[in-house]
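Participant: Shown below is the structure under consideration.
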Amino acid sequence: MKAQFSSPLSRFTVGLLVLVGLVASTVVPALGQSRQRPRMRRSARAVVKKAPPVTYYTVHTGHVIRVRMNQTITSETARVGDQFTTIVVDPVYAGGLEVIPAGSSIVGQVRNVTRASRQSKAGTIEVHLVSLRLPTGIARGINGDLTDVTSESVNADNEGEVSGKSATKRNVVFIGGGAATGALIGAIAGGGKGAGIGAGVGAGLGVAGALFSKGHEAVVKSGTEFGVVLNQNLSLPAVNVR
């Protein structure tokens, strides 16, 4: 037997409860759908410090770098295009700061070779210096020629910078001088390839021109020291700057 409500108030109460139940059944799912997922916290961006600007210093045209041969070359076997390496003996300074430390490497290239002849012509090797590499790994192309590093041919300032006195130093080659003297440095008369050896051959080295008329090959032994004169400015950062 179905229950009967005894009064209008009871029926009203029951109806109100049913209505509340219906509203709750629609509102709760809506609230669940509108609930937002928690946002992931963004990690703080790493602060990147900019490296300080690098200051470059200029090694000027005419500067002479003292180097030492790493291997032996001779006019008897050398070929145009052959490369050889040298080691910088003395550090180079620019603006009072060291820019090329001792131990740096300079690469040279054979540009012209004259074999010694039976007609008493000494052998010669003309070279050009083409690149520089520092112990730090910095590498630069250079334009350098052979010169000597005697006191008669160069100047040194109070910062240890060495520069040539005369443009004739650019027209020099290694010249055969016999077993007693090895390869000597001399000027080519007129500066042309194949030109005769001028009166300035061996200037500052204490040798006579007659020494080169014996048909000896030019032999530049490992350990031979000579100068590299720069034909163009060279810009480099200072080394060991903290």
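Participant: Can you give the accessible area of residue 93 in Å² (nearest 10), computed on protein heavy atoms with a 1.4 Å probe?
Facilitator: Surface accessible to solvent at residue 93 totals approximately 70 Å².
Participant: Compute the FRET efficiency between residue 221 and residue 58 as 1/(1 + (r/R0)^6), taking r as their Cβ-Cβ distance and R0 = 30 Å, and round to the nearest 0.05. Show your work: numbers first, answer last.
Facilitator: Numbers: r = 34 Å, r/R0 = 1.12.
It comes out at approximately 0.35.
Participant: Kindly state, to the nearest 0.05, the FRET efficiency for residue 235 paired with residue 83, given R0 = 25 Å and r defined as their beta-carbon distance. Numbers along the way, then the final one.
Facilitator: Working: r = 24 Å, r/R0 = 0.96.
Efficiency at R0 = 25 Å is approximately 0.55.
The values are calculated or read from the model by the stated rules, or taken from the named source; none is laboratory data. Because the structure is predicted, anything quoted here is derived from the model rather than measured. Quick reminder, even Gly has a Cβ in these numbers, built from the backbone with ideal geometry, and neighbours come from all protein chains shown. Surface areas here come from the heavy atoms of the whole protein model, side chains and all, with no ligands, DNA or RNA. Shrake-Rupley method; radii C 1.70, N 1.55, O 1.52, S 1.80 Å.
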